[in-house]
Amino acid sequence: MIPTNAPALAPLIFLLAALIIPLAALRIRRLAYVLAMAAAAAAAAVSVGNIFRVLESGTVHYRFGGWPPPLGIEYVLDPLSAFITAVINLTALVVLVHARLTVAADLPERKHVPYYALVMLMMSGFNGIVLTGDFFNLYVFLEIASLSLYGLIAVGDRKSPVAAFRYLVIGMVGGGFYLLGVGFLYINSGSLNMADLKAILPAVGARPEIIVALCFMVLGFGIKMALFPLHGWLPDAYTYAPTATSSLMAPIGTKIGAYGLLRVLFFVFGVNFVTRTVPLAQVISWLAAAGILYGSIMAMAQDELKRMLAFSSIAQVGYIGLGIGLANPLGLLGAVLHVLNHGLMKACLFLVAGNFRMRLGHSRIRALDSGARRRMPWTSAAFTLAALSMIGLPPTVGFFSKWYLALGTIRNRSWIFLAVILASSLLNAVYFFRVIERLYLRPAMQDNEARETEGRSEVAPSMLLPTLVLALSLVVIGLLNVVIVKGLLVRFLPPGLEFAFP
Amino acid sequence: MSAPAAPSLLPLLAVLVSLAAVPLILLSSRRPRLRETWTLAAAAAKFGLVLALLPGALQGRIAVFGLFEIVPGVRLELRADPLGVLFALVASGLWILTSLYSIGYTRGLNEHKQTRYFAFFAVCLSATVGIAFAANLVTFILFYEILTIATYPLVIHKETPEAVSAGRKYLAFTLSAGVLLIAAAAWSFLLVGDLDFKPGGIFTGLALAGKTAVPLFLLFLGGVGVKSAVMPLHSWLPAAMVAPTPVSALLHAVAVVKAGVFGLVRVVVFVFGPDLLRRFHLDSVLIVLAVTTILVGSLLALRQDNLKRRLAYSTVSHLSYIVLGTALLSGPAIIGALLHLAFHATMKITLFFCAGAIYVNLHRENVSELNGTGKIMPWTMAAFTLGSLGLCGVPPLNGFVSKWFLGSAAVGSGRPLLAGVLILSGLLNAAYLLPIVQRSFFRRGSGLEGRREASPWMVAPLVLTAVLSLALGLFPGTFHQLAVRVAAGLFGG
Amino acid sequence: MRRNENNPIIDLISSLVAPFIMLFGLYVIFHGHYSPGGGFQGGTLLAASVILLRLSLGSDLGQGQFPSRLGTPLASLGVLIYYGTGLAALLLGGAFLNYAFIPFSVLTPLRRSWGILSVEIGVGLAVMAVLVAIYDDLLEGEPDA
Amino acid sequence: MHDFLVGHYFYWFIFLLMTIGLAGIILKRNLIKKVIGMSILQVAIILFFVASASKWDATVPILDPALGAADVTKYINPLPHCLMLTAIVVGVATSGVAFALIIMIWRRFRTLDENELLEKLKNDPD
């Protein structure tokens, strides 16, 4: 049963959990967390299994309701979607372990049950977006995920509803543009199925309507992935959301938009269309490069750790956008690998910010000092490792993202983009070492001295362990990158961009 | 190199042994003696392992250990070729002495955070030996960047604002260099599809155009030029002198800067190859840079009053001896360069040890305060004298041997002017080092009543390195053979 | 939603109309699988009848017909009915939501028909509960007559 | 040109509606008016889909015994309507969440004017 239904299982598991949690938790509130964890674990197991399934038997198609593709909704498990779902579900699992205590601390108890239900709904949406082979279905899941996310953001700080509202307005417009693009595509081709469209589009040709459709869809995804200059919603949303939300949203949320972009550009329209017929890929890469610099520079000016990480996310999403925009196999490999790498790094960093908030009551950079580090040595160590990875030092994952992206830019002879990538890793060094210096070198401040006498007070194991696991994975995944890239990722490369390493 | 490759665990163990000591050092943070024992044990083990690789390297059996693919198409691979063994031998051998000296130094000053200090020192040595044995560019970059980061905590060890700003400067320079190196490696990978170091270069099969080769070489030069302190990329080195003296001694006279120069040798002859350099006159670029650095470095050293800064500028200038030797692209020159790589290490480390001993014992760090110190610290200053004379190139010290090779190679390659530069630089060396000797022995000092020689933990290593300088000057055999092997592999004969 | 005066006409009419709206809603739901209509439309009508009573009688009196606390659980239950139908198909060897595999009847067309009906009931329930819940949530904490 | 303008009159209308919606979102300072703008935008997109399914001489896609099932061109395409049913639901949900957020914002900051809100946020000590 599992093999035949493999593509649909992960979203269905999360959906089931989202439905059962409000019912089961009527009597026992604690069940909400238990069920959420169980669902996340099951989904993670299924999606890891899916990777092996794809490697073994190639792409798996799944027809909802038994209807064949152009009519019915189809789910497609190919190397790319298998990889992305595995990444997001594993990240979500680790973050959820950490979330129990932060949710308990951030939210009043009556909100716990709806919170976990919404997390499940959001994850269901994300999985659906990645796995579906149907453009309208993608829209529905996009909105499911976004609506849940608005709710998850709004339960944070005092200012969080404003951030959520701003995100909602921009997100709705993004979704609307996407839907409009789908409409144009449907009117001109009569199909909503991605594989079907891929076959039809060459015959339709580069009609203005098709180009408009593509632009609208790219605009929609650009907003969801916070591609510069469509990033306006992101900093506030990340900063004011509760810890658990930001550490779920940062590694996963924007990547989904990037995934959608990748799908549409290279798997539906094809590389020739998006680079030659309409030079959209080039536009994306320039925007991404601008975003890299903008995000990095803005990150330097921030005082709040979460806000700094948010701007750094804009820059990192720029890496992914740049890799996509390069429209060559090495760039795409770099972009997709960076989805994993940045997911791990950002999850780790946001968990660290959560740990600081838990123990110190704040995560303001200017208030951090060596007293904080002495109290939380492991958390600080995890931060340092993740920061080194963000800078891109081997053998952490950040280096390997940079390596593939650098290969991609050089292959295109895009020296400016190469310079941007390299410069951004130096800018990363500036703003991360600002924090590291404070943590390790700045003598403890007066009012902290009293607390310092308490000695070490690291966060609880259920928070520390996920942080450390993620930090450690930065090195392990880094060393294993060849296995991932050669074993799995080269197989996803779209037609026209195949590549074999020497 | 026609030499057969023999799979062996030794290179890997030599890299890992000091890394293995790190957790032990961290765990024994509350027991200083145990911690120091671990450090010394690791140092001795490392030296032993490198020594075990020596016979093979001399006979042309190259120990190789390949792990796994680190990026597609490139394996994480260690390869103990003669060049690598030479560098590893210098670094690991001097680590033993530096460890002994560090114990005396940190105890003498009652330094804080000694655990962090010893732990990162061990990491640095791992990275250095990793650089020495790296079989390809990616492995090289991996250890190169680890070295960058592991040195940072040592540079800022004092945690004063001055140290922190020096640390920033250090990071700014070395991290920038790192990204340039990565770019250069990525570009080469796309051109060749393989990044293994090969004698004569990896681009041999390609007809590289000038508009590719020149920018690529400049990227590489930027990458390795910072750590090798080629002007104008040198200014982090004097700044980094705020670090504790053993750090300056081993890392900023031996491991880090020599890693840079070593990288330059690798890039020039094992990546680019002499033919390509000559074709685009890149060797001349290097020569000009090296000569400028030698002379300007020496002149700047003259102006420094702070002893460690003076030594730092001296290091800058001496590193370019090696650059010069490499740039000449001939067998004798490369022999001279490699000998200088090894011999400058023993001499400069002696001088730094002396500077540290004076600082710990008398809390003086300026040249102008050293009057009369020779009377109360005779062993230290005697060693200092030997080291200084060696750097000036006075026979029979080892500095003479390497300079002789360099000078004769310069003449042999039809550039006698360069030999003149070496002689001039020797005179400048004398001008900035010998006054210190003169002050300490022949001038009357003040405020020295009741002071005695530094602790034996410190004096013994510095005397040993001074004696080593003398011994290597008289019997340069092993290093010479290694260097000859390298040269033979590169230029034949 | 402040009500300034008690208006017996509004109270009476809305109380009279509400059951008919509800009945019509049920009709729309139960005929949705073979004529115009369905769960969305029917559910909205059901919600309309509930909300009409809340508007006219006030939220407190309106509780008798549909208590606010049931909102989220009923919505979950509604979607669960939908989900359960799909899951039953999946468990019995078909794809998710392949009604042909649901053992409601022997004949495949009838199975499909019953399957859709079951889904429509779930959707109707969920839509009603969600709309009422949104109304209740938006009013939460507001002074009510 | 004339044909292009007149032949697509409905699309021009939708385009106008979209512009109104976007203008409402961007230009209006009141949060509720922004939500109204959102709804208008959404309606425009829905109409766009529905209009695309319209066809002369065809009827609703419900089996009419008089027409039979042989000639499918007698019926209009039902798919856009189905899709828009879902899109309407999404729109309702979005508006619901938007209003819930607006209520939260009102309770915390006692204003729905964007300028005032930004001012208050800036002065809010967190």
In whole angstrom, the spacing between the Cα centers of the stretch A:163-217 and the stretch A:400-441 equals 34 Å
Dipole check, chain D, charges on Cβ (K,R +1; D,E -1), about Cα centroid: among D:GLY68, D:ASN123, D:GLY7 the Cα furthest to the positive pole belongs to D:ASN123
Debye sum, Cα scatterers, the protein assembly as shown, no solvent: what log₁₀ I/I(0) at q = 0.06, 0.09 1/Å? -0.60, -1.09
Note the angle between two axes, namely the Cα long axis of helix A:280-300 and the longest principal axis of the Cα atoms of chain A, as a number of degrees from 0 to 90, rounded to the nearest 10. 0 degrees
Please order A:SER312, A:SER247 by the number of other Cβ within 10 Å, starting at the fewest. A:SER312, A:SER247
nm² value of the averaged projected area, convex hull over the Cα atoms of the stretch B:1-273: 13.9 nm²
Listed residues C:LEU107, A:LEU426, C:TYR27: farthest to the positive end of the dipole of the protein assembly as shown (Cβ charges): A:LEU426
Of the trypsin sites (Lys or Arg not before Pro) in the stretch B:1-71, which ones lie in a loop per DSSP and count no more than 12 other C-beta atoms within 10 Å? B:ARG30
Measuring from centroid to centroid over Cα atoms, what is the spacing of the stretch B:185-217 and the stretch A:1-21 in Å? 51 Å
How do A:THR277, B:THR128, B:THR204 line up, fewest other C-beta atoms within 10 Å first? B:THR204, A:THR277, B:THR128
Report, as an integer, the average count of C-beta atoms from other chains found within 10 Å of each Cβ along B:63-73. 5
Applying the span-like rule to chain B (DSSP H, Cα extent along axis at least 15 Å, Kyte-Doolittle mean at least 1.0) gives B:10-27, B:82-109, B:114-133, B:137-155, B:161-192, B:210-225, B:282-303, B:331-362, B:378-392, B:416-442, B:456-474
Which of the lysines could a cross-linker bridge to A:LYS255, judged by Cα under 19 Å and excluding same-chain residues fewer than eight apart? A:LYS224, A:LYS306, A:LYS346, A:LYS402
For the Cα atoms of chain A, what angle does the longest principal axis make with the long axis of helix A:377-391, in degrees from 0 to 90, nearest 10? 40 degrees
Would you calculate the separation in nanometres between label points at D:THR59 and A:LEU472, each defined as 7 Å from the Cα along the Cα-to-beta-carbon direction? 7.0 nm
Which of the peptides A:26-35, C:72-81 is most tightly packed, and how do the rest follow, going by the mean number of other Cβ atoms within 10 Å of each residue? C:72-81, A:26-35
Chain B, relative contact order [Cα under 8 Å, separation at least 6], %: 15 percent
Using the Karplus curve 6.51 cos²θ - 1.76 cosθ + 1.60 with θ = phi - 60°, work out ³J(HN,Hα) for each residue of the stretch A:417-434 in order, rounded to whole Hz, and write x for Gly and Pro. 5, 4, 4, 5, 4, 5, 5, 5, 6, 6, 5, 4, 4, 4, 7, 7, 5, 4
Taking the Cβ-Cβ separation of A:TRP67 and A:ALA41 as r and a Förster radius of 25 Å, what is the calculated FRET efficiency to the nearest 0.05? 0.20
Helical mean residue ellipticity (222 nm; -39500 (n - 2.57) per DSSP H run of 4+; nearest 500) of chain B: -24500 deg cm²/dmol
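Once you mark the trypsin sites (Lys or Arg not before Pro) that are in a DSSP loop and have at most 14 other Cβ atoms within 10 Å, what is the longest gap between them in chain D?
Counting at most 14 other Cβ atoms within 10 Å as exposed, the longest clean stretch of chain D is D:56-109.
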The longest stretch of chain C containing none of the chymotrypsin sites (Phe, Trp or Tyr not before Pro) that sit in a DSSP loop with at most 16 other Cβ atoms within 10 Å is C:35-103
For Cα pairs less than 8 Å apart in space and 6+ apart in sequence, what is the mean separation divided by the residue count of the stretch B:281-493, i.e. the relative contact order in percent? 29 percent
Counting DSSP beta bridges with both ends in the protein assembly as shown, the antiparallel % (nearest 5): 80 percent
Note: A:162-171 gets an average of partner chain Cβ contacts (10 Å, Cβ to Cβ) equal to 6
Only helices at least 30 Å long along their own axis, judged from Cα atoms, and with Kyte-Doolittle mean hydropathy of -1.0 or greater: name those in chain C from DSSP H. C:8-30, C:108-139
Looking at chain A, identify the longest residue range that excludes and avoids all GluC sites (Glu not before Pro) in DSSP loops having at most 10 other Cβ atoms within 10 Å. A:1-453
Mean projected area, convex hull of alpha-carbon positions in the stretch C:8-139, reported to one decimal in nm², is 8.5 nm²
In peptide A:472-485, how many Cβ atoms from other protein chains are near each Cβ within 10 Å, on average? 2
Take the alpha carbon atoms of the stretch B:435-466, find their center, do the same for the stretch B:40-86, and report the distance between the two centers in whole angstrom. 39 Å
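Relative contact order for chain A: what is it in percent, counting Cα pairs under 8 Å that are at least 6 residues apart?
It rounds to 14 percent for chain A.
Bear in mind that the values in this text are calculations on the coordinates, not laboratory data. Small disclaimer: the values here were computed from a predicted structure and weren't measured. Don't worry about glycine lacking a Cβ; one is built from the backbone with ideal geometry, like all the others, and counts go over all protein chains shown.
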